[in-house]
Structures are given as C-alpha cells and as structure tokens.
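Here the structure comes first, spelled out in structure tokens, and everything after it is commentary.
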Amino acid sequence: MRLEAQNLTKAYHAHEVVNIEKVTFGAKGLEGLIGPNGAGKSTLMGLLTRRIAPTSGTISLDTGAGVKQLNPLKSYEVARVGLIKTNQRIQGFDSLTIRDSLRLAATPPKDEGLTSIFAGHRDTDEIEEKVARLVEAFPFTDRNGYAMSGGEKKLLDILRCLITEPKLLLMDEPTAGLPDDITRSVMNMVREKVLAGDMRVVVVEHDLPLIWEYCDYVHFLSEGSILFEGEPDEVKSNRVVAEKYMGV
Amino acid sequence: MDYLIFSFSLMLVYIGLAQLLHIQFGLAGIPNFGVVGFWGIGLYGTGVLYVVFGVALLPAILIASALSAIIGYLLALLVLQRSGQAILAATLALSAIIATLVVSEKDLTGGVQGLGTIKFPFGDMANRNFVFMIFILVVVLALVWVSARLRDSRMGRQLVAIRDNEELAASLGKNTAATKRWVFAITCGGMGILGGMSAPLHQFLVPYQLAPSITFAVWIALVLGGKGHNLGAIVGTFVTFGLFDILIETYAPVPAEQAILLPNFKLFCYGVLLVVIIMFRPIGLLGTDGPKVRQPAAKGAET
Amino acid sequence: MFEVQNLHSGYGEMSVLKDISFTVRDEIFAVLGANGAGKTTLLKTLARLLPIQSGSLKLDGKDVSNAAAYAMPGSGVAYVPQEGNVFPDLSVMENLSIGGRTGNRPKAEKLEEVFELFPRLKERRSQSGGSLSGGEGQMLAVGRALMQDPSVLLLDEPSAGLSPLFVDTLFSNIAETRRDKGVTIVLAEQNAVKALEIADRVMVLSLGEMHLLRDRADLSMSDITAAYHI
Amino acid sequence: MLILDAIFIGLLEASPLILAAMGFTLIYYLNGFMNIAYAESITFGAYFAILFNVVLGANFYMAIVPSMLCSGALSVAVYLLIFRPALNRGVGPTEMIILSVGVSFMLRYGLILVVGPENLFLNEPNITYLQFLGIGATNLQLIALALVLLTAGILYWMIYNTGLGEQMRGLANNRELAMASGINPHRTSVAIWFIAGCAGGLSGIFTGVFAQVAPYMGWNVILITMLVTIVAGVGSVRGAVVAAVVAGILTAFITLVTKPLYAEVVLLTAFIGVLTIRGARTA
C-alpha cells in the first residue's frame, strides 16, 4: 500500500498552502507527519483523501494489485479503496449509539440498499462480534449508549475508522482531547495491526514524544513542502527541523 | 356521513404525506418545502390522464406518481447536494411552478375553471367512497409499516448518519449523494400516489387546491408530532387536522357569522402550536425513537 | 494587569489548558510552546472568547471570569487572533474604524499613529481586508487592535506564515509600540528566537501545562528545546 | 421601446421588492436563517398604513413614516420575544425557518381574526397621469418610485457608510473578531431588526397603494424575495439589490412578450438553475 503524491499544490487565492514535489506514504509501516503551525498538514491530509481538490498535481495509490489514480475519485470512493482518515476535530453521528455507529462503519455499502429494508435482521454476527471486540476494549461510560464526553467521541471516531479495516489509515491528531492512557491503548492497538501487516498508518501529531515513540519513519512538513524525511532519531537531531519549529 | 368519510380520507392522505416527509426530513434530513408540488403532480397528473386522455384511474395514478418521482429525481440531481436553505427554496419554487403551470396550461388542466369529474373506482358498488377510504387506509398503513422497517434497517441507519453528518458518512465509504437522491425520488413518488388518490376525493380539481398551505399543514403536523418518531406523523395529523378540521368544524356550535373565520382561527392556532413546540419541545410530542432491533446478548450469556 | 489562577479552559467538555497560574505585569510577556501547547486557547480565554472551566481571571484586580468578550475592549484589552484577524469584506479603513470605537481619543488622531507605524496600510486604505497579502493583513490586524488604545495587547503568533524579513519589521513595530505607548503585551509565539529578542519574561507551555516561567535573562535555549520535545 | 417599457415597468414592480430583499438580506446576513415571517413585516406595514391613513384619516404621505416605524417596532418585538431566545437555545437554521413559518401564521391569521379577511384600500392622494418618452405613469407611481429608490439609497448608505453598518457587517463577517473588537451583538441585532422591519413595512405600503391591502400580500412576495436573497449570495446586500432589479425587469420583460404566468415559471426555473450553481455545497 503506497500512497504517492507528485507535484501536488494547493493554493487559496494566490496563497500557496501546499507545494510538494514528491512524497510517498505507507511504505514504512507506522509513519509520522510533523511540522510547525500552518505548515499545511491538515490541507495535505484533506488533499490525499479528496476532501479538498488540488490546484495541480497527481495522487496515486499502489494497492499491490495495480496503481489507482485518486484525482478523479470522490471522497466516498477513496474510502472504498481503503484509504481512511480520522478527524482532527470531533465529528460524529449524534443520533447513533456507539455500537450503531461502529456497525454502520463496518457494514459494506452494498448491504445498505433498498432491499435491506425488508431484510430479516439488521447485522450479521460477524459484524456484531467485531463491534463487541472494539467496544469492550475501551472504557466507555455506557457501552450500549451514546459517546458521552469529547474524549469518547474522539475515541469512537478512531474506532469507526479502524473497524472499516482500512489498508492505509491517516490519523489526524489522534491525541488531541484524549486522555493519555487511552491514547496509548489506541496507539498500541494500531501498532499491533501494523505489525500484523493488516494496514499501514500515517500519524499527524503535535505531540512529538508520541511520534518519537511509535513511528518508524517521520516526514517533516514546513511551509507546504516536505523539508526532511528519515528515522525518528535523524529527524530529532536535524538542524532544519529545530530551526523551523523554534526559529533558531 | 359522506362529509365525514371525505374528511377522514383526506386526513389519511395528510398522514401519508407527513409520513413521507418524516422519511425525507426526519430520517434523511432533506427539508422538502414543496410537498404540495409533488402531491399536486400526482393529483393533476391523474386528473388530466383520466379526464382528458381517458386512462383508467389506477393506471393514471401510477403514471402520475412515476412522473412525480422522476421530477423529484431531477430536482435532487440539481440541488440535493446544496445547503439545506437552497433545497428548501428550490422545492418551494418547484411547487410554485407546478401551481402556476396548472393555471396557465388551460387546455390540459382546465385552468381556473377546473377539471372534472373524477369518479371513484370500483364501478357502481354502493358506498364506493367508504371502500375507497379503506383503500387509502391500507396504502397509508403500508407506508407506516415500510417506514418502521426503514427505521430498523441498515439503510435507515445510513440515512440517519447522512442527516447527522454527511461528510463523515462519505468519508466512511457511503455514497451519500446517490442514497439521498433515490430516497428523495421514491418518497416524492409516494407523495404523487397520495395526490392521485386525492383526485377522486376532490372529484373536481381547481388550482386553489395547490396552495402552499398544504405543505405547511403537513410540516406543522410532523414537527408537532415528532419529526424523528415513526408515529409522529399520525399523532401530529390527529392533533391538527383531526382536532380542527373534523372535530371542531363538524361538531362545535359556531355561529354562522363567525364560521368564515374558523379556518383562520385554525391556522392561527397552528402557528402558535408550532412556535411553542419549537421553543419548548423541539423534538415534538412523541420525541424520537431509535431502531427496534435486538441488542447484542449480554456477555456471559453465550458462554 | 492579568492575574490567572488555577485556570482550566478549552472547548466544550475538553480541557486544553490544565491548571495554569501566572501574573502578567507591565511588560512584554511571551508565551512559547510548540503547536498544540495551548497558546491560542490561553489568549482566547484572556480575551473572554472561551469559557473558563475552573479557576479565576482578574484584570487590574477586578474579576473578569464571567465578563463578555465585547466588554473587554472597554477595559483596555485588545486581541489579535492568529487566524481570521481581519474582516475580509470590510475595507482597510473600516477595519481600523471598527477598532477605534473604544477609548477617549478621537479616531483621526489614532488613525494617524497607526498609519505612521504601518505606512503600507495608508496606501491600501480603500482595499478590502480580504484582498491584502499575509503580511499586510497582519499589519491591519495589529493596527485595528492599536486603534482601541489598549493597555494590554494580546498577540497570537503574529509571525505565522510571514517571510523572515517581514517578521523582523513586525517585531520591531511591536517593540516600538511597547516603548512609545507603554502597552503591556502578551505575545504567543512558536518562533522562540524572535520572541526572546523582545520579551521581558517568558512562559513556556507544553501540551496544555505550564512548563516554566522565568525572566528572559535567566533562560537558556535548552530550557525551551526540552518543552518542544525536539 | 419594448426594452425601455420593460425597464420602467420592471423598476416600478421591483422597487418594493428591492426594499424587501434588502431587509430580508440584512436578517439573513446577520442571523444566518431565512426569516419567512418577514412576509408579515411587509403585510403589517400596509395594515399600519390603513390604520393611520384610513382609520385615523391622515394624509397618505403623512402616514408613511409612522407606519414604517410601527412595522420596525413589531419586527424588534418578534425578534426579542421569539427569534433571539430560539437562537440562544441553539435551534438550527432549518428549524429556525420552520419556526419563522409558525410566527408568520400566528401574525397573519391573528391579523385576519382582528381586522377580517377582506381586502382594504388606502385613500390614495390625487392622481394625475403623466407621459414622457412614450411611457405613461401616474404621479403616484413616480413619487413612489422616487421614495423607494431614495430609501433604498439611504439603506444602502447606512449599510456601507455608517458605524452601524460597519458593526453589522463586522458581526456577519466574523462574529468572534467583532466581539473581541468591542461590538455588542445584542444591540446591533436589535438595530438591524428594526431597520429591516421598517424596510419591509415601506415595501408593504407601496405594494398596497398600487393594488389593495390584503393579508396575503407579504406572503405573495416572500418566495421571490427568498430566492433573490439566496441567488445574490449569502447576505450580500449589494447582490440583493442587483438581483431584485434584474428579477423585476426580467419579469416585466417576459410578461410583455408572453403570458404573464410564464414569467413566473421562467423566473422560478431560472432561480432553481442559479441555486444549482450558487447554493452553498454540503458534502
């Protein structure tokens, strides 16, 4: 699973927010994407999942079974290819319970057609089992009810993405709003899946200690371009990174 | 007696419309302010096919409602992915277009002179109006049943998700635009069927019947009963139409000189009810209901 | 000036800032930290745009924990957000004029001073705020705040997205404002080096908590690096 | 000549629409929802004129200002009693529209219960018929046109050149920044609802004096006002003025070349077309 962007640019009015010659995600297992404020990280994530239309450039996904151009796809089609993104801000379905929200995400779209109205029962045992496994792994206040706090909503958002079994998961600031121990169990779960070869992950984070701890490879984005890439230790000791973060 | 049957039949039609609006707005979040337009396509479509072209009533209703569904689909293609306010304005505009066309296309619709007469089906059976009321009742009950099934189904869950957060649903791989389009088209077709069935009730069609107040009456009934509850449409219609149009109009001893003001008093009360409900109980009288499906067995019960 | 005690604040039920206490004197008070540290949340809370979840906030000895945001300019607080800091549909003049509604001095006099500090704004005065370049927009934002004749100026990352040359000019403008008008400045910055050039005291935030608070003179670069986790 | 006729008739017909569209836009711009009850600002303007002009016997021109002010006061009252509490409770934009339908029903049918459903007529001042450039017009039409254009001009000036306009546009542009700049949103809102109500009232008075005063007169123009506003783009007052003028002239033009009813159909279809292109996108 390799996601490749080439000559990718996004400009608002005349202001260029992203300008990337070439970058590849998903080649190394668990990758990090870091950069100072306004570096264009969120815009890049939006571009990769086709929520934002690029000004120019191409995005392609090598699924192993052939290369797919993402540019002409709509955002739901990108998701169906197996490229899923968690949300930085709290997003959710307010009238779905935790379980229903996960069931929704786990249900393949072809099973949600008109005929499903007259189906005997709603969800297969397989889906129920997957949902139960995820729900019980985390301390939700009411496992049969709704996500209560901001933290639970954020956690649910990540679990919803995981249950779709993505091939490449983009995590946009997963720690923001989550308690420390939950963050760690989420990241451990993610690392397990990566090690098992089920998926590849890109984490966008402000919390650099987390990046240093979990990532195999780190991309450094500043002023819309990838300025440095490498192993966490290389990035940590890189002069450009320190300079761009602190103005040294 | 005939008048009561007429009133009840009409009330059933309103319940059906509110039920369809519950699917459109309550489940899928599409604010259709053109209810009377789609109902009107069914009503006048049936009338024109029956009177001008001599088509039998039931095929006429089906053709007219298919037309209503097609127009619903086309409108959905144009505006359904726009903001709620744009959808609202576009559907309202469509209903105004239908009403205007009915007046201007005199050759087909009879214009302001009206179009008639549309007779009840079932040959010369006695109590045809009563039998027809039962027929409408069956259709409306079927609608309520389908709507309950929808609420409990995978598709209904997807609709709710789209209403809550369409972008998020799309990011999970749901083709939200297509789903909304089909649901809208089919429910607009349903409004067309109810319109077609109203044709023999009214017998004689005049453009005045396409006034936007029908749209608002249906909306008020739904919001009052509970837009997110499967029985909200029924309860809301009983409270509004049942109370004012049937009970008060039939039985209340109103002096003749005040009788002309009665419909205005009714609409005034509708307005007050609507304001009070949205201010103090926005979920409606019945509130919201979730899917009625089996919850997973408690852990330990299986092992 | 500002007295902050055991402050918790954030968005909805989420706390971004956790138990922060400090006092701002008559000085340039720099708030440093990597992104996500809580700098913006802190400034928004001081401007009363975010509710205080617990703790207290005093301005000149008066409790303003529950004050409305629109009452703060009247108490001498001016706020320049990092993003969305100009009214895009309003002209440069109108942007400035909105700021000039508070204070006792006539608008024209204050306008003169702002134009003196930022001559570029004078050239662009009839253009719309949205049509300005990033740097000009930042000048307009600061200019609008100065039109309020503030005693405390809250600046949120004024250097973000600006070219280095422009950052130099902007910071010398800020220092000049401090010198000439004696305005207290609370400056949130990610760019530690620039901020240290003009700051009197420095607070470093890290993941929503206060990492350190010291006089500029007692501070070394490694103190800050640790908080940035690089 | 046809075009000149169309422009003149269009302007005459559009002039009340321009005012209504401006007022409607102000509220849409400031509070972000389409206020269908604005129809009643228009209707009540005309009925207040009946009160001053017919019941109290004032000269038509003398009745204009007090009627307008009453309509503005009514608008503020409705805002303070219903819309502001609802907005504070976080009622969403679609529900706000439904709420405004409720308010509209309440006011309109309440009015009918009090004054009756009959159409009423204002006591028009003496009318003389004038002719120039081949176009016939009465002095009343010309005075109305001049007055409406003058008011629209003042309103436009108020929005783009005064402190209040500045504050209002600031609030609509960036509410948070406006508050941080010391703008009190409550005071500005009251002022805007008052001005919008006045504009609606004046629009109603002139709609009424050319035809009759009826409980449905506001309702009859609200759909077109709504569409004009949306088509003009979210809350651009400039856009609303242009769109209203174009709509008026277009209607007049189509009316002159075809049956009047088609004008409405063409106009509404065109509006749906514009909505397809211009309406804010969701997902």
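The values are calculated or read from the model by the stated rules, or taken from the named source; none is laboratory data. Predicted model only: the values in this text are computed from it and were never measured. Cβ sites come from the backbone with ideal geometry, for glycine too, and all protein chains shown count toward neighbours. In case anyone asks, the SASA skips ligands and DNA or RNA and just uses the protein heavy atoms, side chains included. Shrake-Rupley method; radii C 1.70, N 1.55, O 1.52, S 1.80 Å.
Residues that are open to solvent by 80 Å² or more (accessible area, probe 1.4 Å) and either touching a His at 6+ places or on another chain (Cβ under 9 Å) or among the small types (Gly, Ala, Ser) (or both) within segment C:100-134 comprise just one, C:Ser126.
You will find that of C:Asn95, C:Asn104, the residue that is polar (S, T, N, Q), in contact with a Phe, Trp or Tyr (Cβ under 7 Å, 6 or more places away or on another chain), on the phi < 0 side of the Ramachandran plot and touching a residue at least 40 places away in the same chain (Cβ under 8 Å) is C:Asn95 and no other. Confirm whether D:Val190 is assigned to a helix (DSSP H, G or I), open to solvent by 10 Å² or more (accessible area, probe 1.4 Å) and either modelled with pLDDT of 90 or more or over 27 Å from D:Leu80 (Cβ atoms) (or both). In short, yes. Looking at this structure, is D:Ala199 farther than 19 Å from D:Leu171 by Cα and either within 14 Å of another protein chain (Cβ to nearest Cβ) or open to solvent by 10 Å² or more (accessible area, probe 1.4 Å) (or both)? Criteria not met by D:Ala199. Pairing residues of segment A:198-210 that are on the phi > 0 side of the Ramachandran plot with residues that are surrounded by fewer than 21 Cβ atoms within 10 Å (Cβ to Cβ), at Cβ distances under 8 Å and at least 6 apart in sequence or on separate chains, gives no pairs at all. Among helices (runs of 4 or more DSSP H) entirely within segment D:34-126, having at least 1 residues that are of a type in the set (Lys, Arg) and either modelled with pLDDT under 90 or surrounded by 14 or more Cβ atoms within 10 Å (Cβ to Cβ) (or both) singles out D:84-88, D:93-115. Restricted to segment B:151-230, the set of helices (runs of 4 or more DSSP H) holding at least 3 residues that are away from chain A (no Cβ under 12 Å) and either aromatic (Phe, Trp, Tyr) or crowded, with 24+ Cβ neighbours inside 10 Å (or both) comprises B:176-202, B:213-225.
Just one of the numbered conditions (1) open to solvent by 20 Å² or more (accessible area, probe 1.4 Å); (2) under 15 Å from A:Asp157 (Cα atoms); (3) more than 8 Å from chain B (Cβ to nearest Cβ) is not true of A:Asn71: (2). Taking only segment D:214-238 into account, find how many residues are surrounded by fewer than 18 Cβ atoms within 10 Å (Cβ to Cβ) and in a helix (DSSP H, G or I). Of the residues in segment D:214-238, 2 are surrounded by fewer than 18 Cβ atoms within 10 Å (Cβ to Cβ) and in a helix (DSSP H, G or I). Put simply, of B:Phe122, B:Phe135 the only residue that is aromatic (Phe, Trp, Tyr), open to solvent by 30 Å² or more (accessible area, probe 1.4 Å) and on the phi > 0 side of the Ramachandran plot is B:Phe122. In segment D:31-53, the count of residues that are free of Cβ contacts under 8 Å to residues at least 40 places away in the same chain and not β-branched (Val, Ile, Thr) is one or more. Do you know which of the residues in segment A:94-112 that are farther than 17 Å from B:Arg163 by Cα, open to solvent by 10 Å² or more (accessible area, probe 1.4 Å) and without any contact (Cβ under 8 Å) to a residue 24 or more places away in the chain is farthest from the other protein chains (Cβ to nearest Cβ)? In this case the residue turns out to be A:Lys110.
Residue count for segment C:178-223 satisfying the condition of being part of a helix (DSSP H, G or I) and crowded, with 21+ Cβ neighbours inside 10 Å: 3. The single condition among (1) crowded, with 21+ Cβ neighbours inside 10 Å; (2) touching a residue at least 40 places away in the same chain (Cβ under 8 Å); (3) closer than 30 Å to A:Pro139 by Cβ that A:Gln91 does not meet is (1).
Does C:Val92 satisfy being in contact with an Asp or Glu (Cβ under 9 Å, 6 or more places away or on another chain), at the interface with chain D (Cβ under 10 Å from one of its Cβ atoms) and surrounded by 22 or more Cβ atoms within 10 Å (Cβ to Cβ)? Break it down into steps so the answer makes sense when it comes.
Numbers: in contact with an Asp or Glu (Cβ under 9 Å, 6 or more places away or on another chain): yes; at the interface with chain D (Cβ under 10 Å from one of its Cβ atoms): no; surrounded by 22 or more Cβ atoms within 10 Å (Cβ to Cβ): yes.
No; evaluated as a whole, the condition is false for this residue.
Counting only strands (runs of 3 or more DSSP E) wholly contained in segment C:1-115, the ones carrying 2 or more residues that are more than 18 Å from C:Glu157 (Cα to Cα) occupy C:2-11, C:14-23, C:52-59.
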